[in-house]
Amino acid sequence: GDLCVVPYAVVPTPGKLAHYAELGCPEVVLQLPPGDEAEVLRVLDDYAQYV
């Protein structure tokens, strides 16, 4: 079968995500901070622009 590479612990930027897409990566796993709930939710809100 085909090999599927999924980059892990990615801090997203438009250029980085475009680069992974050009390489044929169908998905990435985004990095979240080890902070409290409020900090994690803030980061998730920031990441929403990439979904």
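Where a number appears in this text, it was derived from the coordinates with a stated rule and is not lab data. Predicted, not measured: the structure shown is a model, and the values here were computed from it. Note that each Cβ is placed from the backbone with ideal geometry, even for glycine, and that neighbours are counted across all protein chains shown.
Some notes on this structure:
- Between Gln31 and Val51, residue separation times 0.36 nm minus the direct Cα-Cα distance comes to 5.8 nm.
- Nearest-0.05 FRET efficiency for Val11 and Ala38, computed from C-beta distance (R0 25 Å): 0.85
- Of the chymotrypsin sites (Phe, Trp or Tyr not before Pro) in the chain, the ones in a loop by DSSP (not H, G, I, E or B) with at most 14 other beta carbons within 10 Å are Tyr8.
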